[in-house]
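Before any comments, here is the structure.
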Amino acid sequence: MANAKKAKMVIDKDFTISQIDERIYGSFIEHLGRAVYGGIYEPNHPLADEQGFRQDVMKLVQELNVPIIRYPGGNMVSAYDWEDGVGPKEARPRRLELAWRTIETNEIGTNEFVSWAKAVNAEVMMAVNLGTRGIDAARNFIEYCNHPGGTYWSDLRQKHGFKEPHKIKTWCLGNEMDGPWQIGHKTAEEYGRLAVETAKAMRLVDPTIELVACGSSNTAMPTFPQWEATTLEHTYDAVDYISLHQYYGNRDNDTANYLAHSLDMEHFIKTIISTCDYIQAKKRSKKKINLSFDEWNVWYHSNESDQKIEPWSIAPPQLEDVYNFEDALLVGTMLLTFLRHADRVKMACMAQLVNVIAPIMTENNGRAWKQTIFYPYAHVSTYGRGVSLQPVVSSPRYDTKDYTDVPYLDSAVVYNEEVKEVTIFAVNRHLEDGLDLTIDVRSFENYHIVEHIVLEHDNMKAVNTAEREEIKPQHNGQSSLQDGVITARIRKASWNVIRLAMKQ
Ligand code: AHR
């Protein structure tokens, strides 16, 4: 029997970080692999609705409570002609999709995606092409989407069957423009200039929109974080958010180190906050730029098999990572990192949503199921609404190849005053020992424990399949509350959701 280590936490309803913007539970659908075709859309599937959308997939997306979904890319957007995806389907061109080297049929485009997003209760975060195109295409696109009518592009939308404007509020000014792989890759100066002029034109069409400028594609980019500084020098007054993207992998099979990668994410967020605030100071501005972490996840399992995919096929199985239990734990810690930065991270998109590095998998013409990472995402999205509280935590720590002083206990706390509920999210990164955790909750008088949900498995590499859901939450956590103090057992390598509610 392994030894339990001890950890402590104090929670107080006055230790507030910020109201949580629910859009941190966003996701992403790119025209890539089987995300759209065979994922959300499969007209010949027995469960497809009259528009061809898979209802089994819609049900799973709704279970995740996804408030905003980024579209249509990703790398794909940097050579995308939005006009290809609107109007009569039979007239839409088949194109070479250069980012992923596939064939894009354009059967799904803006209007269909907006309809699908509405059906799953999500807003759309739309991206414009600043790779091969620019100001002109972007201003026409926003006129098509958001202008009520009586002009060339808005009338065309109406002719295409959409009388009312889509009123898309959030727009990304390109994608990963710092990356040499990006079609139309730019220097920070070139991008900054193009982004600010595109923003100006888009806002003239619709002043109510919010705009996201491209930040670095990851912390290892040689231009990070100068890219953000230069970009914001140009765009500070014209945009509302700067984007962050980051993926992790356990390539050398060092799980203790892998589970500490959220510390890198934390460093990334802090660096970008400082960069935004430095430019704010330089500009003597009163405005704050917030963070849109609009691509994040684990991505590495499929790297090898993707090399073998033949180019120029339609919707091949690209980026189909099969996630294991340790991935679910890391994803949990990444979500907790957003909650602890709820004052500045206002949007975040798990990349992606279906089949492509996704919490939901499907078979063509077959089943749909939940990957391991589905659960921490669903838990935080469901119970993480309200105010993020700053827990004062004391935990034993460890060192790894890349990190020092990694706390075994990772946590975040959410207080939902409306329904009088408190949720404590906790991960134990220790691979052998449990943690005996005491939580001082005296400021929440008259509360009781509703449940303690646990995700755990003896095999860190266990996965879910269409046949068998090996990793799923159990309602068997051990915690009790007495005299304002919770005593909880946080088992080795586990994800925990301890839910409190006010007694009736
Ligand atoms: O999500 C997969 C890809 O990762 C996106 O297309 C791109 O933006 C990023 O590099």
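The values are calculated or read from the model by the stated rules, or taken from the named source; none is laboratory data. Here the structure is a predicted model, which is why all the values come from computation and not from measurement. Neighbour counts are summed over all protein chains in view; Cβ atoms, including those assigned to glycine, are modelled from backbone coordinates with ideal geometry. Accessible surface areas use protein heavy atoms only, side chains included; no ligands, DNA or RNA. Shrake-Rupley method; radii C 1.70, N 1.55, O 1.52, S 1.80 Å.
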Tell me, please, whether a residue that is more than 16 Å from the ligand (Cβ to nearest atom) and either over 23 Å from the mean Cα position of the chain (by Cα) or more than 25 Å from Tyr300 (Cβ to Cβ) (or both) can be found in the stretch 370-377.
no
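For the stretch 263-301, give me each residue that is within 16 Å of the ligand (Cβ to nearest atom) and in contact (Cβ under 8 Å) with a residue 60 or more places away in the chain.
Met265, Ser292, Phe293, Asp294, Glu295, Asn297, Val298
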Residue count, the stretch 16-36, condition buried (at least 22 other Cβ atoms within 10 Å of the Cβ) and either within 16 Å of the ligand (Cβ to nearest atom) or in a helix (DSSP H, G or I) (or both), comes to 13
Subset of the stretch 197-234, residues more than 19 Å from Thr132 (Cβ to Cβ), away from the ligand (no atom under 16 Å from the Cβ) and of a type in the set (A, V, I, L, M), comes to Leu204, Val205, Ile209, Leu211, Ala229, Leu232
Here the residues within the stretch 4-26 that are in contact with a Pro (Cβ under 8 Å, 6 or more places away or on another chain) and either within 17 Å of Val61 (Cβ to Cβ) or among the small types (Gly, Ala, Ser) (or both) are Ala7, Glu22, Arg23, Tyr25, Gly26
Filtered residues of the stretch 55-86 (kept if within 16 Å of the ligand (Cβ to nearest atom) and at positive phi)
Gly74
Using beta carbons and a limit of 6 Å, which pairs, at least six apart or on different chains, have the first residue in the stretch 238-251 and closer than 16 Å to Asp343 by Cα and the second one part of a loop (DSSP other than H, G, I, E, B) and more than 13 Å from the ligand (Cβ to nearest atom)?
Ile242/Ile289
What's the total number of residues in the stretch 317-343 that are touching a strand residue (DSSP E or B) at 6+ places or on another chain (Cβ under 8 Å), part of a loop (DSSP other than H, G, I, E, B), open to solvent by 10 Å² or more (accessible area, probe 1.4 Å) and over 17 Å from Ile373 (Cβ atoms)?
3
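In this structure, is Ile40 within 16 Å of the ligand (Cβ to nearest atom), in contact with a helix residue (DSSP H, G or I) (Cβ under 9 Å, 6 or more places away or on another chain) and among the aliphatic types (A, V, I, L, M)? Can you show your working first?
Working: within 16 Å of the ligand (Cβ to nearest atom): yes; in contact with a helix residue (DSSP H, G or I) (Cβ under 9 Å, 6 or more places away or on another chain): yes; among the aliphatic types (A, V, I, L, M): yes.
Judged against the criteria, Ile40 is a match.
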Having 2 or more residues that are open to solvent by 50 Å² or more (accessible area, probe 1.4 Å) is the bar; report the strands (runs of 3 or more DSSP E) wholly within the stretch 95-210 that clear it.
95-97
Which pairs turn up if I take residues in the stretch 341-355 that are of a type in the set (Lys, Arg) and look for partners that are within 14 Å of the ligand (Cβ to nearest atom) with beta carbon separation below 8 Å, at least 6 apart in sequence or on another chain?
Lys346/Ser292
So if I check each of Leu319, Leu329, which one is away from the ligand (no atom under 16 Å from the Cβ) and in the same structural domain as Ala351 (by TED's automatic domain parsing)?
Leu329
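Matching residues to (1) more than 16 Å from the ligand (Cβ to nearest atom); (2) over 19 Å from Trp312 (Cβ atoms); (3) in the same structural domain as Asn175 (by TED's automatic domain parsing); (4) out of contact with any Ser or Thr (no Cβ under 8 Å at 6 or more places or on another chain):
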{"position": "Pro88", "(1), (2), (3), (4)": "yes, yes, yes, yes"}
{"position": "Glu97", "(1), (2), (3), (4)": "no, no, yes, yes"}
{"position": "Trp100", "(1), (2), (3), (4)": "no, no, yes, yes"}
{"position": "Asn106", "(1), (2), (3), (4)": "yes, no, yes, yes"}
{"position": "Trp116", "(1), (2), (3), (4)": "yes, yes, yes, yes"}
{"position": "Asn121", "(1), (2), (3), (4)": "yes, yes, yes, yes"}
{"position": "Gly131", "(1), (2), (3), (4)": "no, yes, yes, no"}
Among the residues that make up the stretch 212-221, is at least one of them over 26 Å from the mean Cα position of the chain (by Cα), modelled with pLDDT of 95 or more and either farther than 30 Å from Ala119 by Cβ or open to solvent by less than 70 Å² (accessible area, probe 1.4 Å) (or both)?
no
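Regarding Thr362, is this residue among the polar types (S, T, N, Q), away from the ligand (no atom under 16 Å from the Cβ), closer than 26 Å to Leu98 by Cβ and buried (at least 23 other Cβ atoms within 10 Å of the Cβ)?
Considered against the rule, which asks whether it is among the polar types (S, T, N, Q), away from the ligand (no atom under 16 Å from the Cβ), closer than 26 Å to Leu98 by Cβ and buried (at least 23 other Cβ atoms within 10 Å of the Cβ), Thr362 comes out as yes.
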